[in-house]
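Here is the structure we will look at.
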Amino acid sequence: MRRAGRRLSGFTLIELLVVIAVIAILASILFPVFAQARGRANQAACINNLKQLGTACLMYADDWRGFFPYPGGNDDFPAYDQDTGGGLDKYLRNKSAGSTVWRCPAGIKPPAGQVPTPGTSFASMGRSYAMNDYLRPHNRGRNRWPPTDRTAALPGINSSQLSNSAQTILFFETYQQSDATAYRNGSPHFKQNTGGEPTCMHSGKMNVVMCDSHVQNVFPPETWSADRPMGGPNVGMYRPKANAKAIPARGTFSRVPDMWEPFENFENYPSQ
């Protein structure tokens, strides 16, 4: 009498399809959660970076009779990102513009093997933050900030001039070129058209550090006023996400001065 052969167990095609479908459903649920967690981690690191920059500026001002570092705009004078004659390097652990303190983790990293080069267009490589361009004693347009001594560092604005340090933007997230470079100074009214605009890096908003060193997460148009001080709509530019084109928007800030103007009736504000 022949013994019946043992039937080998295994998955049927239907069972395999069910397992694959369950895995796909779980993946569709979990991947957005992981992305949100990564986004929150990036934002937390970004807030920490800006807090460090804000604290460094306050330490700088304490050493220089209340003057903030120079925002930049004229290469003849050392700015906040230079380590000669008025920079923030001595107050920061991460000194290079390519280091993490100068860049949101969601920003563009410098190309492999390349580092920031002082005095060149690559000086800002790896940076994703810019200084508020209006933080200077007066606003007479590009290359029209005459110093008393061209060999000395041109100071930024004095903290005593600020109408409200807790309401005035110091550093903000800005646009990075594809090579990871960025303007070191800017504003919604920057006229370069190739950078310097506020840029949303965190779910449609951007992080900023105020002149008292506290950090906020804001929607860019909510930081500038609806109307110009001398009349007419106040339209600024911002980028809704990192790789988007700059778009115009009328401000919605309800008070004067707004978050960019250091004090009321600032010279030529908001022109640059």
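Descriptive notes on the structure:
- This ranking places SER159, SER254 by how few other beta-carbon atoms lie within 10 Å of each, fewest first, which gives SER254, SER159.
- Violating pairs (Cα-Cα greater than 18 angstrom) within the set LYS51/LYS245; LYS109/LYS191; LYS51/LYS109; LYS205/LYS245: LYS51/LYS245; LYS109/LYS191; LYS51/LYS109
- On the basis of the beta-carbon distance and an R0 of 25 Å, ARG228 and SER160 show a calculated FRET efficiency of 0.45.
- Ranked for footprinting exposure by Cβ neighbours inside 10 Å, fewest first, VAL235, VAL209 give VAL235, VAL209.
- Reachable aspartates and glutamates, given that their alpha-carbon falls under 17 Å from the alpha-carbon of LYS90 and they are not under 8 places away in the same chain: ASP62, ASP63, ASP81
- Packing-based order for 167-173, 103-109, using average beta carbon neighbours within 10 Å, highest first: 167-173, 103-109
Rule-based calculations on the coordinates, nothing more; no lab input. This structure is a prediction, so every number in the text was calculated from the model and none was measured. Note that we place each Cβ from the backbone using ideal geometry, even for glycine, and neighbour counts take in every protein chain shown.
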